[in-house]
Amino acid sequence: MKPRVWASAVLLVLGAPAFAGGLPHVHGHARLYIGVEGNTVTLLLESPLDNLLGFERAPRTERERQAVHEMVQRLRGGTLFVPNAEADCNPDEAVLESEVLGPAWLGGARPPQTARAPQPAASAPAHADFDGSFTYVCRKPAALRSMTIGLADAFRRIKTIDVQIDTAKGQTRRSLSGTARQVRW
């Protein structure tokens, strides 16, 4: 992991347990942590996999494999999280993880027809989660004041996004639901 990304991730992880408060796996809800450090913005997304796919297991049909591919393309596309234009930020890195989908699925390229997601062990949780880490590098970080979050538009099962924002100025929390898409700090 790049040093600047690692530093932001550490800050977010240290604050994440207090934010999450032991919240259970809840369909329709997602959590997003936004950390701003220097010219880097790091976002950590936690969501039930059902919010993104409509199922929480390895894909079994061609339709489900296509849904996984489309989810990955949306998340890696760089358009779901849009910092305000004045900050001149560009996507840098995206890391996607799920206990039921392996790197062949989450790496960005469509796996071959024969590729299968790893089969969970008998003790695997009945409800699978998704975690994503996204970094942006900004040319004018002092101008960074807000971000538009397009998750609920891209993934209609998401009804509420709890957002924690950590910047040099402090921490804030927001909740996006309904038509709300923008967080400001």
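The values are calculated or read from the model by the stated rules, or taken from the named source; none is laboratory data. Nothing here was measured: the structure is a model prediction, and the numbers come from that model. For neighbour counting, all protein chains shown are included, and Cβ atoms are generated from backbone atoms with ideal geometry for every residue, glycine included.
Key figures
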item: The one condition in (1) in contact with a Phe, Trp or Tyr (Cβ under 8 Å, 6 or more places away or on another chain); (2) at pLDDT below 95 that residue 128 fails to fulfil; result: (1)
item: Test set (1) under 21 Å from residue 97 (Cβ atoms); (2) modelled with pLDDT of 95 or more; (3) buried (at least 17 other Cβ atoms within 10 Å of the Cβ) - residue 154 fails condition number; result: (3)
item: Residue check, residue 56 in a loop (DSSP other than H, G, I, E, B) and either modelled with pLDDT of 65 or more or buried (at least 19 other Cβ atoms within 10 Å of the Cβ) (or both); result: yes
item: Residue that is nearest to residue 82 (Cα to Cα), among those in the stretch 160-184 that are out of contact with any Gly (no Cβ under 7 Å at 6 or more places or on another chain) and surrounded by 17 or more Cβ atoms within 10 Å (Cβ to Cβ); result: 183
item: Every pair of residues 6+ apart whose Cβ atoms lie under 6 Å, when the first sits in the stretch 43-65 and is closer than 16 Å to residue 76 by Cα while the second is among the β-branched types (Val, Ile, Thr); result: 43/34
